[in-house]
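The next block holds one structure in the form of structure tokens; read it before the comments.
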2 protein chains.
Amino acid sequence: MKLLVIGAAGMIGARLAARIAADGTLGGRPVESMVLADVVEPARPEGAVPAIETHAVDLSAPGSAAMLIAGRPDTIFHLAAIVSGEAEADFEKGYRINLDGTRDLFEAIRLAGREAPYAPRVVFASSIAVYGAPFPEAIPDDFALTPLTSYGTQKAIGELLLADYSRRGIFDGIGLRLPTICVRPGRPNKAASGFFSNILREPMNGQEAVLPVSEEVRHFFASPRAAIGFFLHAATMDTGPVGPRRNLAMPGLSATVGEEIEALRRIVGEKAVKLIRREPDETIARIVSGWAPDVSADRARVLGFKAETTFDEIVRAHLEDELGGVAKV
Amino acid sequence: MKLLVIGAAGMIGARLAARIAADGTLGGRPVESMVLADVVEPARPEGAVPAIETHAVDLSAPGSAAMLIAGRPDTIFHLAAIVSGEAEADFEKGYRINLDGTRDLFEAIRLAGREAPYAPRVVFASSIAVYGAPFPEAIPDDFALTPLTSYGTQKAIGELLLADYSRRGIFDGIGLRLPTICVRPGRPNKAASGFFSNILREPMNGQEAVLPVSEEVRHFFASPRAAIGFFLHAATMDTGPVGPRRNLAMPGLSATVGEEIEALRRIVGEKAVKLIRREPDETIARIVSGWAPDVSADRARVLGFKAETTFDEIVRAHLEDELGGVAKV
């Protein structure tokens, strides 16, 4: 089978492409070729896939989407996006990439299908940013999307388009409403959500990390490993039982910052916990208070999506996948 | 104040423009000018507004939106849309007018605001078509939008854009999720929902009407008179208490076809009821079974929106507003 990964230089996209390249198969079928695209040229993963192309391309530029699907991939992973903070700071860029880019891709598939029958599986990365406070204790699957950022708005629009194009048989789409990814690998960044990962990742590397909110703050998490699992399952599952509601809140772990820290203490030790420095930040506390504390994700669980059920698992996944199993503290 | 009505040749748009022209005021403030636009030239209403312009214009054509807001209207009513059946039959036209046209309007306002401060009130006509079955008994305000038509998808996207542009202060928007309008004036049409109005309007005119579903079918209604009231209230209300959830399910009357017929019997008489011919249609019955039977509309009621509470009122509103108070049967 032929695959296309858009956003393949991103944190999840690169790991997804690496995993498929290593496996050489998807859902038990051999992968003959992969096209990896992003605004910067993605890395070429090692593995068992005979043909891998990498493209540096702006999805929203005229002709980009048509070029990317010219090979008629059987499965398309669409993870390309301007992230939350940048989409809020740059209104036009956010709408251009996150809305127009997504629509261009969907339209390119529709137009290709008019030339010859074509209806690929499309797996779309959405986000819990589609929700906006106030929330019930756990957000049910039929809860309204009232995003409080332009990024969340653009993802919610992508979800609506995905459902309509799927309903019309233009493609066979599944939207994945991802929890906050934790532990997010890489360097600390200025995203308001950064501290959830920083306070685990940095101490595991022997570095200090700042905690700007109280230990009572509750949010909803899944590991990068779980997220890769969501994409692989969405690409290979039977979509018959999904029905017209094509966008699924992914399962995850609802946990407090205190529970994160306890897991770090259990798995890595007190020395790591001592590297967390409390530095309350009212602005971050206010932003985070508008985020979802818990998501029921009942439909996704029934449909076979799986995530961690304890923070110990999340900490261990980071140790194993990013640090070769050993903390540097 | 200066007003713009887009979709002013439509059933609601024309009556809204006529009502404001007759009043000469909106929310107690004198209306100096009205621009009335639609894809066909709207009628010029009589009344007390000194300056009325009418334009035949395709909202999605380049430059149209900027031209329409060149006079910097204080209040914009946006009712222009390709209706449900046509948006389903013509995918490209539906998206072009209902999505791109709406976005062009919102963008024109944003760009005008970069030249000089500008943040008009924008009242957007949405629809209960944004909902998709299965439903709870009465749809709550925080229920997910999972439309089952392209029209519903386009309206749901318009709602998301309206909320984001309002959150950013680009304009002060209110989206009105309209119930099915009944009694819809004019000739019978082929819309699947047509019979809800046909079985009242045609008998009141001494004409036969076809009922394709059982009397147990339940749906959610408001009169054209109530709908005009929604738009006037949305244009003049204090939007402070609305918060970031700018799209409001409008109140209405949940009633069965049997209750419609009983109201016709009480207000007009048995002679009118005898003109309803039962002719079951499986296709229409199936389509209608996917529609909302009831909507709670709690927020809108608290915010001062009002609709009929009995079908007798709906029948009387049609008699008074369209037939000079006297049925022709």
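Under unit Cβ charges (Lys, Arg +1; Asp, Glu -1), what dipole magnitude, rounded to 20 debye, does the protein assembly as shown have relative to its Cα centre? Mind showing how you got there, number by number?
Working: 72 positive and 84 negative charges, 29 e Å.
It works out to roughly 140 debye.
Once the label point is placed 7 Å from Cα along Cβ, list for A:Ala116 the distances to the corresponding points in the other copies, in nm, shortest first.
Here the equivalent label points are 5.8 nm apart from this one.
Evaluate 2.2 N^0.38 Å with N set to the residue count of chain B, then give the Cα radius of gyration divided by it. Kindly include the intermediate steps, with their values, before the conclusion.
On the way: Rg = 19.5 Å, N = 329, 2.2 N^0.38 = 19.9 Å.
Normalised Cα radius of gyration, chain B: 0.98.
For the range A:99-146, go through all pairs of different Cα atoms, get the mean of 1/r, take its inverse, and jot down that Kirkwood value in Å.
Details: mean 1/r = 0.0736 Å⁻¹.
Computed over Cα pairs of the range A:99-146, the Kirkwood hydrodynamic radius comes out at 13.6 Å.
I need the inter-copy label distances for A:Gly206: point set 7 Å along Cα to C-beta, values in nm with one decimal, smallest first.
List, nearest first: 9.8 nm.
Show the residues, 5+ positions off or on another chain, whose built amide H is closer than 5 Å to the amide H of A:Thr54.
Counting only residues 5 or more places away or on other chains, the set is A:Leu36.
Please list the non-local residues whose amide H lies under 5 Å from the amide H of A:Leu145, H modeled 1.01 Å from N, same-chain partners needing a gap of 5 or more.
The answer is B:Leu145.
For the range B:173-268, report the translational diffusion coefficient in µm²/s to the nearest whole number, using Stokes-Einstein at 4 °C, 1.567 mPa s, and a Kirkwood Rh over Cα pairs. All intermediate terms of the calculation are to be shown ahead of the outcome.
Values: Rh = 14.9 Å.
In µm²/s, the coefficient rounds to 87.
What number in nm² do you get for the range A:71-156 if you take the convex hull of its Cα atoms and divide its surface by four?
Values: hull surface 27.2 nm².
The directionally averaged projection comes out at 6.8 nm².
What whole-number volume per residue, in cubic angstrom, does the convex hull of the C-alpha atoms of the range A:245-329 give? Display every interim value, and only then the final one.
Values: hull volume 10.9 nm³, N = 85.
Given the Cα convex hull of the range A:245-329, per-residue volume reads 129 Å³.
How big is the Cα convex hull of the protein assembly as shown in projection, averaged over all directions, in nm²?
Details: hull surface 119.5 nm².
Its Cα hull, projected and averaged over all orientations, spans 29.9 nm².
Counting Lys +1, Arg +1, Asp -1, Glu -1, what net charge surrounds B:Pro30 among other residues with beta carbon under 12 Å of its beta carbon?
Numbers: positive: B:Lys2, B:Arg29; negative: B:Asp23, B:Glu32, B:Asp74.
Its environment carries a net charge of -1.
Given the DSSP H assignment, sum -39500 (n - 2.57) over each helix run of at least 4 residues in the protein assembly as shown and divide by its residue total; what's the result at 222 nm in deg cm²/dmol, nearest 500?
Details: 26 runs with 248 residues, N = 658.
Result for the protein assembly as shown, helices only: -11000 deg cm²/dmol.
Take every Cα pair under 8 Å in the range B:77-233 that's 6+ residues apart, average their separations, divide by the length, and report that relative contact order as a whole percent.
Working: 202 pairs, mean separation 36.3, N = 157.
The normalised contact order for the range B:77-233 reaches 23 percent.
How many percent of DSSP beta bridges within chain A run antiparallel, rounded to 5? Please report the intermediate quantities before stating the final value.
Details: 6 of 41 bridges.
Among the beta bridges of chain A, antiparallel pairing accounts for roughly 15 percent.
Given the options B:Gly240, B:Gly304, B:Gly258, which has the most mean-square fluctuation in a GNM of chain B, springs set between C-alpha atoms less than 10 angstrom apart?
In this elastic network of chain B, the residue with the biggest mean-square fluctuation among B:Gly240, B:Gly304, B:Gly258 is B:Gly240.
Could you name the lysines whose alpha carbon sits less than 23 Å from that of B:Lys271, not counting residues in the same chain fewer than 8 places away?
Correct list for B:Lys271: B:Lys328.
When only C-alpha pairs under 8 Å and at least 6 residues apart count, what is the relative contact order of the range A:1-57, in percent?
Relative contact order here is 38 percent.
What's the whole-number percent of alpha carbon pairs in the range B:1-159 lying beyond 28 angstrom?
Details: 3150 of 12561 pairs.
Result for the distance tail: 25 percent.
Using a Gaussian network model of chain B whose springs link C-alpha atoms within less than 10 Å, name the residue from B:Ala129, B:Ala235, B:Ala285 with the highest mean-square fluctuation.
B:Ala285
In chain B, if the dipole is taken from +1 on Lys/Arg beta carbons and -1 on Asp/Glu beta carbons about the Cα centre, which of B:Val49, B:Ile6, B:Ala327 is farthest to the positive end?
Of the listed residues, the answer is B:Val49.
What would the Debye equation give as log₁₀ I(q)/I(0) for the range A:152-220 at q = 0.24 Å⁻¹, counting only Cα atoms as equal point scatterers?
Listed by q, the Debye log ratios stand at -1.02.
Given H placed 1.01 Å from N in the peptide plane, which residues other than close sequence neighbours of B:Ser127 have an amide H under 5 Å from its amide H?
B:Leu178
When B:Lys155, A:Lys274, A:Lys2, A:Lys190 are ordered from fewest to most other Cβ atoms inside 10 Å of their Cβ, what list results? If you can, show how the numbers build up before the last one.
Values: B:Lys155 30, A:Lys274 12, A:Lys2 16, A:Lys190 6.
Least to most surrounded, the residues fall as A:Lys190, A:Lys274, A:Lys2, B:Lys155.
Using alpha carbons only, how many angstrom separate the centre of the range A:238-306 from the centre of the range B:283-329?
44
Normalised by the residues of chain B, what does the relative contact order come to in percent, with Cα pairs under 8 Å and at least six apart? Kindly include the intermediate steps, with their values, before the conclusion.
Numbers: 675 pairs, mean separation 54.3, N = 329.
This gives 16 percent for chain B.
Relative to the Cα centre, what is the charge dipole magnitude of chain B, using +1 at the beta carbon of each Lys and Arg, -1 at the beta carbon of each Asp and Glu, and rounding to the nearest 20 debye?
Values: 36 positive and 42 negative charges, 87 e Å.
That gives a dipole near 420 debye.
Specify the longest stretch of chain B that does not include any exposed loop site, a site being one of the GluC sites (Glu not before Pro) with a non-H, G, I, E, B DSSP assignment and at most 15 other Cβ atoms within 10 Å.
Values: sites that count: B:Glu32, B:Glu46, B:Glu137, B:Glu208, B:Glu215, B:Glu216.
Segment B:217-329 is the longest.
Which value, to two decimals, describes the C-alpha radius of gyration of the range B:111-243 once divided by 2.2 N^0.38 Å?
Details: Rg = 17.9 Å, N = 133, 2.2 N^0.38 = 14.1 Å.
The range B:111-243 yields a ratio of 1.27.
Just so you know, all these numbers are worked out from the coordinates, no wet-lab data involved. Bear in mind the structure is a predicted one, so any value in this text is a computation, not a measurement. For neighbour counting, all protein chains shown are included, and Cβ atoms are generated from backbone atoms with ideal geometry for every residue, glycine included.
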